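Comments concern the structure below.
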Amino acid sequence: MKVTTVGIDLAKNVFSVHGVDERGKTVLKRTVSRGKLLEFMANLPQCLVGMEACSGAHYWAREFLKLGHRVGIMASRFVRPYRKSEKNDGNDAEAICEAVSRPNMRFVPVKSEEQQAVLAVHRIRQELVSQRTALINHMRGLLSEFGIVMPKGRYQARHHITELFNGADTALPELAMYSLREVYLRIQDMDERILVYDRQIAALANDSETARRLMTVPGVGAVTATAIVASVGDAGVFSNGRQFAAWLGLVPRQYTTGGKTRLGRITKRGDVYLRTLLIHGTRAVLSRLGERTDRISQWTRKLIDRRGYRKAAVALAAKNARIIWSILANGGTYRPAEQVAVG
């Protein structure tokens, strides 16, 4: 029988493969070593190949596409309901094979090498930012043991540390001063390394026509625009803006029964990095809201009064997500709503 659908449980060295024919009957069930997987797939007829979204999935997807196969990458939570009995590699491969054939299954877009290169820059920068924040908090905790309380915020803390080290009347012991100064030098080194990545991302945004169009949306800068372009790729995989916002985890949970709909908190099921960037961007927009009279600004101002600042920031991020999807799917740039007459 001809194999029409294949599920592969990805691993480091040994892969479990499960295949079925057009009638859904199992015709292939074996394990393949990493070095022989491409050769094995090349000898199969062109078919639908399913994999879970995990480390290496996009690499294998690109290689299988070169061989003429169709590829579907799925989130593990969508595969889990199709697994029978205990969890093992063989059962996982069978569940993947079953899940990828479902007509309404949601797939992760396959990323190109260029997209993953841009995301690598973002991931390295993100890790440096996390390490810098950890070091600042580490220094804040150490100073508190000497009765010195650093102000909140990175810029205020940096100014406070500089004054502390330059001041002649500091009460810190010499040994503590030496150790803390070494930590501060590491923070400064991270500042310089993060700046290098910021400039690289700005150059990437300037070279990308799509990223430049996304940057016309208020609250979307070079970091957010390049991250979205690299993560999304083809916006056509989302049928509308709400589905894109749901992919980012920016829509409320739903509990609907008997014709009655109840909405809860946002799901937070999507890409944490993109969602964080969008929300931080809307916070910057809210800080400059002022007396702007366009429709979105007035809508946001009323929402702040009604639901509070933080919920308004998330709601505006969800609205921006839908605008971003429209730009990616239909082209063009952001066109602000017309001014609303006041007075």
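Observations on the model:
- Elements of type helices (runs of 4 or more DSSP H) in segment 228-343, at least 3 residues being out of contact with any Cys (no Cβ under 7 Å at 6 or more places or on another chain) and over 30 Å from Pro103 (Cα atoms): 272-287, 295-307, 309-330
- Pairs are defined by a Cβ separation below 7 Å, a sequence spacing of at least 6 or placement on different chains, a first member in segment 230-252 that is assigned by TED's automatic domain parsing to the domain that holds Lys311 and touching a residue at least 60 places away in the same chain (Cβ under 8 Å), and a second member that is assigned to a loop (DSSP other than H, G, I, E, B) and of a type in the set (A, V, I, L, M); the pairs so defined are Arg242/Val251; Ala245/Val251.
- Of the set (1) out of contact with any His (no Cβ under 8 Å at 6 or more places or on another chain); (2) surrounded by 16 or more Cβ atoms within 10 Å (Cβ to Cβ), all apply to Thr31 but (2).
Every residue, every condition in (1) over 30 Å from Ala171 (Cβ atoms); (2) out of contact with any Ser or Thr (no Cβ under 9 Å at 6 or more places or on another chain); (3) assigned to a helix (DSSP H, G or I), yes or no:
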position: Asp92; (1), (2), (3): yes, no, yes
position: Met105; (1), (2), (3): yes, yes, no
position: Val110; (1), (2), (3): yes, yes, no
position: Gln116; (1), (2), (3): yes, yes, yes
position: His122; (1), (2), (3): yes, no, yes
position: Arg125; (1), (2), (3): yes, yes, yes
position: Gln131; (1), (2), (3): no, yes, yes
position: His138; (1), (2), (3): no, yes, yes
position: Leu143; (1), (2), (3): no, yes, yes
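- Residue list for segment 109-155, filter: over 29 Å from the mean Cα position of the chain (by Cα) and over 15 Å from Asp191 (Cβ atoms): Arg140, Gly141, Leu142, Leu143, Ser144, Glu145, Phe146, Gly147, Ile148, Val149, Met150, Pro151
- Within segment 100-129, the set of residues being of a type in the set (A, V, I, L, M) and touching a strand residue (DSSP E or B) at 6+ places or on another chain (Cβ under 7 Å) comprises Val100, Met105, Val108, Val110.
- Segment 181-205, residues that are touching a helix residue (DSSP H, G or I) at 6+ places or on another chain (Cβ under 7 Å) and either of a type in the set (A, V, I, L, M) or farther than 30 Å from Phe146 by Cβ (or both): Val183, Ile187, Met190, Ile194, Tyr197, Gln200, Ile201, Ala202, Leu204, Ala205
- Meets criteria (touching a residue at least 60 places away in the same chain (Cβ under 8 Å), buried (at least 17 other Cβ atoms within 10 Å of the Cβ) and not assigned by TED's automatic domain parsing to the domain that holds Arg125) for Gly281: yes
- Residue match in segment 62-72 (condition: touching a residue at least 40 places away in the same chain (Cβ under 8 Å), among the acidic types (Asp, Glu) and not assigned by TED's automatic domain parsing to the domain that holds Val237): no
- Residues satisfying the stated conditions in segment 251-272, i.e. in contact with a helix residue (DSSP H, G or I) (Cβ under 8 Å, 6 or more places away or on another chain) and surrounded by fewer than 14 Cβ atoms within 10 Å (Cβ to Cβ): Lys268
- Taking (1) closer than 23 Å to Val229 by Cα; (2) more than 20 Å from the chain's Cα centre (by Cα); (3) modelled with pLDDT under 95 in turn, Val71 satisfies each apart from (3).
- Yes/no for Tyr178 being assigned to a helix (DSSP H, G or I), over 22 Å from Tyr334 (Cα atoms) and touching a helix residue (DSSP H, G or I) at 6+ places or on another chain (Cβ under 9 Å): no
- Residues satisfying the stated conditions in segment 205-227, i.e. of a type in the set (Val, Ile, Thr), over 17 Å from Val272 (Cα atoms) and in a loop (DSSP other than H, G, I, E, B): Thr216, Val217
- Selection within segment 65-77 - on the phi < 0 side of the Ramachandran plot and either in contact with a helix residue (DSSP H, G or I) (Cβ under 6 Å, 6 or more places away or on another chain) or not in a helix (DSSP H, G or I) (or both): Leu67, His69, Arg70, Val71, Gly72, Ile73, Met74, Ala75
The values are calculated or read from the model by the stated rules, or taken from the named source; none is laboratory data. Since the model is a prediction, treat every value here as computed from it, not as a measurement. Cβ: placed from backbone, ideal geometry, glycine included. Neighbour counts: every protein chain shown.
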